[in-house]
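Right, one structure below, let's go through it.
Readers should treat all values here as calculations from the given coordinates under stated rules, not as data from a laboratory. All of these numbers come straight from a predicted model, not from anything done at the bench. Positions of Cβ are generated from backbone atoms using ideal geometry, with glycine treated the same way; all protein chains shown enter the neighbour counts.
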Amino acid sequence: MAKAKRNPRAITVYIDNNDLCVTEFSWLWKSWLMWEINKEWDLVACVHPEIEDRIKKEFKADGLVVLPTPPMRDIDEFWVDYRFVNSFCMFEHDANIVTLSRYKYVFRTDCDTFLTEHFKGFEPYVDKVYFGVGLQHNNHNNPWGIVETRDQVREVAHELKLTYKDISHVGSSIICRTPRLMKITRMHLKVTEYLLKHGWKPGEIGDWPGWFRGVASMYAIDIAVNNYVHLLEIQQGSLDVWCGANDITKLDMHIHAWPQKQEDLFNKTNFHNGLLTEFKADKIPIKAGEYCALIACNDIDYLKLLVENNSKS
């Protein structure tokens, strides 16, 4: 039997060996299928080798590519206490590089995300780099803390002799030409390692919000993007959109399950704790939080039927 022809673009994530991560991947997978984005973008799941068979069994679909990918802690014990590194380690494995290099564009993101109908038909421009909005410079209680954090980021870039153009609040999700994404991602990894080794005194982690070791990889993506992206190439804001009471606009292609207040509708902690078990709708919600809840609480057949019914109305 001939192999199915691959799309020229791919979305890629890392799925770790735990049930929460697999559940969150299902949100991305369902939103990818319900809008038939799988006809335009493959979904390349880099997975912990121990769950390769599980992912292939539970998430069968045209366009899904599963790549067994050992977690970085198995390759280098330095990463044992920083599991976030797995979400951007896909270009550290030769087999993954071979597979992902076949795509013209790659969209690197996290499992706890949702595609919207506005992602369908999206064709990236060759010379643009699309990325989301991050909150690593966030400090509502102390605006000066934002300035201090940015100064720290600039200083690290200077120490590493990298260019820093003051592009701030860079989110973790990014789309661009594949060779460029590889460069950015490898620099992302390099800077994260540097920060974990030298960004804080031994035994210290800092305070959030502020200069905080727990989000070292977010500071690192800021630095990597600033080094490789020119100001006129930036396309920021359509990815990593908030998942609350905000309306989904035509500019919003991708929603991230940001940490929410306990009382907010789509609080992913509440969902994982079984406090949000059912959410039905007679049409696709316009509110981001309701949209995320609908996808998280329902199976793909229900969602496809809802999309079909909405297209008829």
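In sequence order, the stretch 112-117 has phi-based couplings of 7, 9, 9, 8, 9, 4 Hz under the Karplus curve 6.51 cos²θ - 1.76 cosθ + 1.60, θ = phi - 60°, and Gly or Pro positions carry x. Backbone amide hydrogens, once placed in the peptide plane, bring H254 within less than 5 Å of T116, D240, V241, excluding anything fewer than 5 places away on its chain. Charging the Cβ of each Asp and Glu at -1 and of each Lys and Arg at +1, and nothing else, the dipole of the chain about its Cα centre rounds to 1000 debye.
Computed from Cα atoms, the angle from the helix 288-297 axis to the main principal axis of the chain rounds to 60 degrees. For the residue pairs K120/K261; K60/K250; K104/K304; K280/K304; K39/K304; K104/K161, the alpha carbons lie more than 20 Å apart in K120/K261; K60/K250; K104/K304; K104/K161.
Each Lys or Arg adds one and each Asp or Glu subtracts one; over the other residues with Cβ under 11 Å from the Cβ of E50, this totals -3.
Would you mind telling me which residue in I55, I234, I75 has the biggest mean-square fluctuation in a Gaussian network model of the chain, where springs connect alpha carbons within a distance under 10 angstrom? Its mean-square fluctuation being the largest, the pick is I75. Each residue of the stretch 30-41 was assigned a 3J(HN,Hα) from its phi angle through the Karplus expression (A = 6.51, B = -1.76, C = 1.60, θ = phi - 60°), giving 5, 5, 5, 7, 5, 9, 6, 5, 5, 7, 10, 10 Hz with x at Gly and Pro. Pairwise Cα separations in the stretch 11-63 fall into 5 Å bins from 0 onward with the following percentages, short to long: 4, 20, 35, 26, 11, 4. Full extension of the chain between D62 and Y194 gives 43.6 nm of extra length, using 0.36 nm per residue less the Cα-Cα distance. Each principal axis of the Cα atoms in the chain has its own extent, and those three values, largest first, are 56, 48, 39 angstrom. Using the Cα centre of the chain as origin and beta-carbon charges of +1 (Lys, Arg) and -1 (Asp, Glu), tell me which of Y194, N226, F122 is placed farthest towards the positive end of the dipole. Selected residue: F122. Counting only DSSP beta bridges whose two residues both lie in the chain, roughly 40 percent are antiparallel. Ranked by how many other Cβ atoms sit within 10 Å of their own Cβ, fewest first, the residues C176, C297 fall in the order C297, C176.
Give the lysines whose C-alpha is closer than 18 Å to that of K57, dropping any in the same chain fewer than 8 places away, or say none. Hits, sequence-local ones excluded: K30. The string of couplings for the stretch 275-287 from the Karplus curve (6.51, -1.76, 1.60, θ = phi - 60°) is 8, 10, 10, 8, 8, 10, 8, 8, 7, 5, x, 8, 6 Hz, one whole number per residue in order, with x for Gly and Pro. So who's got an amide H within less than 5 Å of the one on L64, skipping anything under 5 residues away but keeping other chains? H placed 1.01 Å off N, in plane. The answer is L43.
Going by a ≥ b ≥ c, the root eigenvalues of the Cα gyration tensor, does the stretch 206-292 fall in the rounded group (a/c under 1.5), the prolate group (a/b larger than b/c) or the oblate group? Judged from the Cα gyration tensor, the stretch 206-292 comes out oblate (a/c at least 1.5, b/c at or above a/b).
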